[in-house]
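Derivation of every value follows stated rules applied to the coordinates shown; laboratory data play no part. Please read all numbers here as calculations on a predicted model, not as lab measurements. In this analysis, Cβ positions are derived from the backbone assuming ideal geometry, glycine residues included, and neighbour counts consider all displayed protein chains.
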Amino acid sequence: MKNLYKVLVLLFPILIFGQVAKKEVNQQIQTWVSLNTVTKFAEHWGVVADAHIREDGFFESNNFYFLRGGISYIPNASVSVTGGYAHMWLAPVKEGWTAYSDENRIYEQAQLVTKIGNVSVLQRLRNEQRWHEIMINDKPSGETRFTDRVRYLASFTIPVFNDKKLPSLVLSDEILIQFGKDIVYNTFDQNRLFIGIKQNISPKFSYDLGYMNVYQQKIVGNKYDMNHTIRLFFYLNSSIKHNSSKSGHS
C-alpha cells in the first residue's frame, strides 16, 4: 500500500500535466472602422453615439456590427463620466452558419485627459454588463451568457511636428478582463495594442489610423485569436447651441 501511494504521488503531476490542452493561436487579419461622436447639449452634458464595423480580411466578410449610445457628464475639458447602452450583431464563426447572434450591453465609464510635457495622456476605465445570445445549430437558443467586463485604456498622443495640422504619433494599450459564472478559463479576455497616427481634419473632427494587435483568449481557455487589425477611427466633437453664455470644450 505504501509503495502504491508513492507511485500515485509520482504520477499525479504527470497526469495533471497531461490534462493541460495545448495552446492554439489563430492568426487573423481584420479591418476595423468606426465613427465616435460626442454632442454637447448643455454646458456639462453631452450625448455619446458610436458606430463600429469590423471585417475579416480587408472587408472580405463581416465580423461584427456595433452601436453604442450614452449620456456624458462633463464637468471640465479633462474629465467625463458616461453611462449607456450598446448592441452588437456578431457574425457566426462556425462554417455553414448564417445567423448573427445578439449581444446587449449596459456600460459605465470614467475618462481622464492629462498632459505630461507636450504628450497628451488619455485614461479610461469602463465597466460593461454583457448578455450574449447563445446559438445552437445556427438558431437562437433563448438563453444568454452573462459576463461583467472591466476595461482599462491608456493612450498617449505624441506630437512629432510643430505644425498642429500634421499627424501626431499615437500609442495605446487596453486590457480587458471579465467575470461571471460561465467564465472559468478566460478571466483574461483580451489585450488591444495600437500604434498609429492621429490627425485633426478640423477643430472638431479627427481620425486615427494604424495597426492594432488584438490578442483574445476564447472561452475554452487554450484557444486564442491573434488579430492583426487595420484600424481607422473617426472622432467628432460638436455642440448644440444653448442658452449658456459659454460652452465647454467637448
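Take each of the peptides 92-99, 138-145, average the number of other beta-carbon atoms within 10 Å over its residues, and list them starting from the highest.
Numbers: 92-99: 10.0, 138-145: 12.0.
Packing order, densest peptide first, comes out as 138-145, 92-99.
Please report the net charge: other residues with Cβ closer than 14 Å to the Cβ of residue 37, K and R +1, D and E -1.
Details: positive: 40, 68, 204; negative: 50.
That works out to +2.
For the ranges 117-130, 78-91, what's the packing order if you count other beta-carbon atoms within 10 Å of each residue, average per peptide, and put the highest first? Let's see the in-between values first.
Details: 117-130: 14.5, 78-91: 16.1.
By packing density, highest mean first, the sequence is 78-91, 117-130.
Nearest 0.05, what FRET efficiency do residue 173 and residue 61 give at R0 = 35 Å with Cβ-Cβ as r? Display every interim value, and only then the final one.
Details: r = 28 Å, r/R0 = 0.79.
Working from the Cβ atoms, E equals 0.80.
Per residue of the chain, what 222 nm ellipticity follows from adding -39500 (n - 2.57) for every DSSP H run with n ≥ 4, rounded to the nearest 500? Walk me through the intermediate numbers first.
Numbers: 1 runs with 18 residues, N = 250.
Helices in the chain give a 222 nm mean residue ellipticity of -2500 deg cm²/dmol.
Lys and Arg at +1, Asp and Glu at -1: add these up for the other residues within a Cβ distance under 15 Å of residue 72 and post the number.
Values: positive: 40, 68, 124, 126; negative: 43, 50, 108.
Summing Lys/Arg as +1 and Asp/Glu as -1 gives +1.
Only bridges with both residues in the chain count here: give the DSSP antiparallel percent, nearest 5.
Working: 122 of 139 bridges.
Taking every DSSP beta bridge within the chain, about 90 percent pair in antiparallel fashion.
Which angle between 0 and 90 degrees, to the nearest 10, do you get for helix 2-19 versus the longest principal axis of the chain when only C-alpha atoms count?
40 degrees
For residue 184, what is the net charge nearby, where nearby means another residue's Cβ is under 14 Å from its Cβ and Lys, Arg count +1, Asp, Glu -1? It would help to have the intermediate numbers written out before the result.
Working: positive: 145, 181, 218, 223; negative: 182, 189.
Within the 14 Å Cβ shell, the charges total +2.
Provide the convex hull volume over Cα atoms per residue for the range 24-239, in Å³. Display every interim value, and only then the final one.
Working: hull volume 27.8 nm³, N = 216.
Once divided by residue count, the hull of the range 24-239 is 129 Å³.
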